[in-house]
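First the structure, in the form of structure tokens, and then the observations on it.
The values are calculated or read from the model by the stated rules, or taken from the named source; none is laboratory data. From a predicted model like this one, the values you see are computed outputs, not experimental measurements. Cβ atoms come from the backbone with ideal geometry, glycine included; neighbour counts cover every protein chain shown.
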Amino acid sequence: MIELTNPSIASLGGLFPTIYGRNLIGELANFVHRPFLVVTMEDLWERFAHHFDGAVAQPYLVTTIDGDELEREVAALPPCNAIVGLGGGQAVDVAKFFAWSLRLPLFQVPTSMSVNAPFGHRAGLRFGGNVRYMGWAVPQAVYVDFDVIQSAPPLINRSGVCEIFCYHTAHADWRLAHVRGKTESKWPFDEALVAEAKSVLDLVMSKLDDIHAVNEEGIRTLMNANRWGGAAFHNAGWNPRHIEGIDHFLFYALEYYTGKKFIHGQPVCLGIYAGSLLHGERADEMLEAIHRVGVDIRPEAMGISWDDVGHALMNLSGFVRQAGLWYGIAHEATITDAFVNRLREAVTEKFGS
Ligand SMILES: [Zn+2]
């Protein structure tokens, strides 16, 4: 447990109650306020519907994370007394949004380790194609079921390391902004916050093979790390500086320019490696870690091309300004064809073509 092995972690008070075990979905019908709404995805509902009696629970199948569309959806929901989020990032974010809109108790059941969304207060919705974190939902508990997590595709589970590896590039960006005198006045550089995040990163770095294997040790390590990270934005006073930087900015740009849906960890891990190269900080080590856990960051593995990646990178400085994102290497690096080629060669050498 992070709590026991990392006494330097200071902000434990703001973390969500998190329970590990088995048959946790089967218990929900025994204690969640009835009738309740299960916010999930179509394929997951087919798998798990037998755990819920139709009299106590109804499904809401997520098809959008567009905030304006979801506001209209709220008005059409059936009467219910609690919300259960069952799924990956989209289902738990929509569950948060409904719980917040209707002021209902929330129970979260992540079915994979893909993102830290189950452990964060706000929902990452899209407005006009741009991400916006909104709402407020503290769940009664987050239930991490080992069997359920282990039944998710390994790539999806392993890709969750992006949410922790990105602290590396976030810290490099914050330091750079500090050196340049470009930190935002509300977010001056804070060495203690950086050290706290780094202790979580170091712990995950020490368990890469367990995370690759998705064994119980790997699940506890990555989910405890995401538990810290999911709440970190709020717990640092709505400051994302120590947990996010160019890593996620490249993902947002790729999503914006290609209009594609991604497994979060693939473009974010590509952003972590690209950002580490631009900063000249531990790039080889980060690429090795990404490879060892098993997150394939080749564009072709995420349904896009190197041209798409090159386009997003070369337009990144304009994109981050337009999106109002915080200052870092994305704002000032001159990205050339030569850089994109260097990135391509290193990724291809590591992962094969
Ligand atoms: Zn993320």
Count - residues of the range 159-191 that are within 16 Å of the ligand (Cβ to nearest atom) and either in contact with a Pro (Cβ under 6 Å, 6 or more places away or on another chain) or small (Gly, Ala, Ser) (or both) = 3
Given the conditions (1) on the phi > 0 side of the Ramachandran plot; (2) touching a Gly at 6+ places or on another chain (Cβ under 7 Å), and given that VAL295 satisfies all but one, which numbered condition is not satisfied?
-> (1)
Flag for ALA95 being more than 25 Å from VAL295 (Cβ to Cβ), part of a helix (DSSP H, G or I), at pLDDT 95 or above and small (Gly, Ala, Ser) = yes
Assess whether GLY67 counts as being touching a residue at least 12 places away in the same chain (Cβ under 8 Å), assigned by TED's automatic domain parsing to the domain that holds ALA141 and out of contact with any Cys (no Cβ under 9 Å at 6 or more places or on another chain).
-> yes
Selection status of ALA152, part of a helix (DSSP H, G or I) and of a type in the set (A, V, I, L, M, F, W, C) = no
Answer yes or no: is there a residue in the range 162-175 that is surrounded by fewer than 21 Cβ atoms within 10 Å (Cβ to Cβ), among the basic types (Lys, Arg) and either part of a loop (DSSP other than H, G, I, E, B) or assigned by TED's automatic domain parsing to the domain that holds GLY120 (or both).
-> no
So, in the range 39-60, of the ones that are acidic (Asp, Glu) and under 22 Å from the mean Cα position of the chain (by Cα), which residue ends up farthest from ALA123 (Cα to Cα)?
-> ASP43
Does LEU77 count as assigned to a helix (DSSP H, G or I) and either more than 16 Å from the ligand (Cβ to nearest atom) or free of Cβ contacts under 8 Å to residues at least 60 places away in the same chain (or both)?
-> no
Across the range 177-200, what is the number of residues that are under 19 Å from GLY280 (Cα atoms) and surrounded by 22 or more Cβ atoms within 10 Å (Cβ to Cβ)?
-> 1
When you go through VAL295, VAL309 one by one, which is the residue that is within 14 Å of the ligand (Cβ to nearest atom) and either within 16 Å of the chain's Cα centre (by Cα) or not hydroxyl-bearing (Ser, Thr, Tyr) (or both)?
-> VAL295
Looking at (1) of a type in the set (Ser, Thr, Tyr); (2) at pLDDT 95 or above; (3) in the same structural domain as GLY324 (by TED's automatic domain parsing); (4) touching a helix residue (DSSP H, G or I) at 6+ places or on another chain (Cβ under 8 Å), can you tell me which one SER185 breaks?
-> (4)
Kindly indicate which of GLU255, GLU244, GLU216 is closer than 30 Å to SER151 by Cβ, at pLDDT below 95 and not polar (S, T, N, Q).
-> GLU255
Kindly state which strands (runs of 3 or more DSSP E) lie completely within the range 1-71 and contain at least 3 residues that are of a type in the set (A, V, I, L, M, F, W, C), modelled with pLDDT of 95 or more and out of contact with any Asp or Glu (no Cβ under 6 Å at 6 or more places or on another chain).
-> 36-40
Only residues that are without any contact (Cβ under 8 Å) to a residue 60 or more places away in the chain and small (Gly, Ala, Ser): list them for the range 168-192, please.
-> GLY181, SER185
